[in-house]
Amino acid sequence: MAVGRFLAMVGVLVWRQTDGKYLLLQRSGAKDFAAGQWECVTGRLEQGESFLQAVRREAFEELGLEVHIEFVLGTTHFYRGEALPENEMVGVHYGCSIQDATRMQLSDEHCASQWVTAEQAAALFPAGHWLRALIARAEVVRRLMPQELLQFYRNDGFEI
């Protein structure tokens, strides 16, 4: 098998600390891939950028907000379009929180947003949909994460 060349990306699942609801963003109709579909904050890493730098940059670019990076939710591998090497993506999804969303300003990458509970997300998306699975996983991790480990990640981050 040939040595792979991948584009790296981050997913940033945001929830409000005040009510625990998750932010869904609808991709603009002008997007070249998945126009009109719902997602969380997503984006590719820039050359020389770390995953955590990309999380902060993408959240600020797409929402105009700084996020608290809480934990890693999981990894992903998919093709952005046809299953061709130039479309192959690998990424890491992070669970992030915000205290206040009143100053949120969507970029032109998205045409709409909504805040939903995990139950509402499960009703919006079919079984097996990546965003439904991501929110379900976040619910479990948020419930089971020991406070000591959460504090460790907040203080020391994830990069080695």
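The values are calculated or read from the model by the stated rules, or taken from the named source; none is laboratory data. Since the structure is predicted, the reported quantities are computational estimates derived from the model, not experimental observations. Virtual Cβ from ideal backbone geometry, glycine too; neighbours counted across all protein chains shown.
Some observations on this one:
- From the list Gly29, Gly43, the one residue that fits, being crowded, with 18+ Cβ neighbours inside 10 Å, in contact with a Gly (Cβ under 9 Å, 6 or more places away or on another chain) and small (Gly, Ala, Ser), is Gly43.
- Residue match in the range 98-111 (condition: within 17 Å of Trp15 (Cβ to Cβ), of a type in the set (D, E, K, R) and surrounded by 14 or more Cβ atoms within 10 Å (Cβ to Cβ)): no
- Qualifying residue in the range 130-139 (condition: farther than 18 Å from Leu24 by Cβ and either basic (Lys, Arg) or crowded, with 16+ Cβ neighbours inside 10 Å (or both)): no
- Contacts under 8 angstrom Cβ, first residue in the range 12-24 being under 24 Å from Gln53 (Cβ atoms), partner surrounded by fewer than 16 Cβ atoms within 10 Å (Cβ to Cβ) and of a type in the set (Val, Ile, Thr), 6 or more apart: Tyr22/Thr117
- Taken together, Gly48, Gly43 contain a single residue that is under 11 Å from the mean Cα position of the chain (by Cα) and free of Cβ contacts under 8 Å to residues at least 40 places away in the same chain, which is Gly43.
- Out of His129, His110, sole residue that is under 15 Å from the mean Cα position of the chain (by Cα) and without any contact (Cβ under 8 Å) to a residue 40 or more places away in the chain: His129
- Matching residues, the range 59-75, being surrounded by 14 or more Cβ atoms within 10 Å (Cβ to Cβ) and small (Gly, Ala, Ser): Ala59, Gly74
- Test: residue in the range 73-89 that is at pLDDT 95 or above and in a loop (DSSP other than H, G, I, E, B): no
- Which listed residue, of Tyr153, Tyr79, is surrounded by 11 or more Cβ atoms within 10 Å (Cβ to Cβ), over 24 Å from Gln53 (Cβ atoms) and among the hydroxyl-bearing types (Ser, Thr, Tyr): Tyr79
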